[in-house]
C-alpha cells in the first residue's frame, strides 16, 4: 500500500477573488512602477525634444520632435557629424540642437563661406545656406581638448559656436538620433 494521497478524493476549496483593497494596492504599485520606469528611461536613456527654432533646417524643421540618446556619451565621445542636444550656453532655458563640426585639438576656420577643419574644406550636403555671418569668435581657432565646435545646419540663421565659442562636452545632454514627428518625416538623423 502506498502513502501517496489520491487528490481526486480531496475536496478543493473554491478560489476567492482578490479583495478590493488588494486589487487597489496592486494597481497603485503597477502604476508607480510604470511611472518610475518611464521617468528613469526619460532621465537616463532617451529624451524627446521639440525643435523651437529653424537653426537646423533642412535636417530638422521648426516644431518637429526628435529623440535624444542620453547615455551614449557615457561610453564614447561626440564625433564630428553628430547632431547633439545641449544646454543653452547663452543662459536660455530651452536646450539647443546643433551639429558637431569639430572636436578638441581640431582647427576651425571659415573663409569664403566655406568651413574648414584642419585646413580641409568640409563637404556639407546637409546645410542650408553658407556661413556668411561670423559672430564674435575670432577664427581660425583650435578647439580646446574636451570641447566641441557646434553649428546649426541652417548656416544663415543659427546662433552657434560662431557666437558662443566652443562648448564643453559636459554641456551635451545627448545625441539626437531619430526624428519622430511628424509621422511623414520619421527618419534617422
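Quick note: the coordinates plus some simple rules give every number you see, no bench work behind them. Computed from a prediction, not measured in an experiment: that's the story for all the values here. Don't worry about glycine lacking a Cβ; one is built from the backbone with ideal geometry, like all the others, and counts go over all protein chains shown.
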With a 10 Å Cβ neighbour count serving as the proxy for reagent exposure, in which order, fewest first, do 84, 103, 46 appear? 46, 103, 84
What FRET efficiency do you get for residue 125 and residue 46 if R0 is 30 Å and r is their Cβ-Cβ distance, rounded to the nearest 0.05? 0.60
For the range 29-146, what does the relative contact order come out to in percent, with C-alpha contacts under 8 Å and a separation of six or more? 19 percent
Antiparallel %, DSSP beta bridges [both residues in the range 41-189], to 5: 95 percent
Global form of the range 79-169, assessed from the alpha-carbon gyration tensor, a/c cut-off 1.5: rounded
(i) 55, 18, 15; (ii) 38, 20, 13; (iii) 56, 21, 12: which one is semi-axes √(5λ) of the Cα gyration tensor in Å as calculated from this entry? (i)
Simple label model, 7 Å out from Cα along Cβ direction - residue 39 to residue 164, nm: 2.8 nm
For the chain, the longest principal axis of the Cα atoms and the Cα long axis of helix 20-44 enclose an angle in degrees, to the nearest 10, of 20 degrees
Theoretical FRET efficiency, 1/(1+(r/R0)^6), r = Cβ-Cβ of residue 94 and residue 133, R0 30 Å, to 0.05: 0.90
Taking the Cα-to-Cβ direction at residue 187 and at residue 71 and moving 7 Å from each Cα, how far apart do the two end points lie in nm? 2.9 nm
Using Cβ contacts closer than 10 Å as the measure, can you line up 127, 159, 184, 132 from fewest to most? 184, 132, 159, 127
With n ≥ 4 as the cut-off for DSSP H runs, can you work out [θ] at 222 nm for the chain, using -39500 (n - 2.57) per run divided by the number of residues, rounded to the nearest 500? -5000 deg cm²/dmol
Please work out the Cα center distance from the range 133-189 to the range 82-109, rounded to the nearest Å. 4 Å
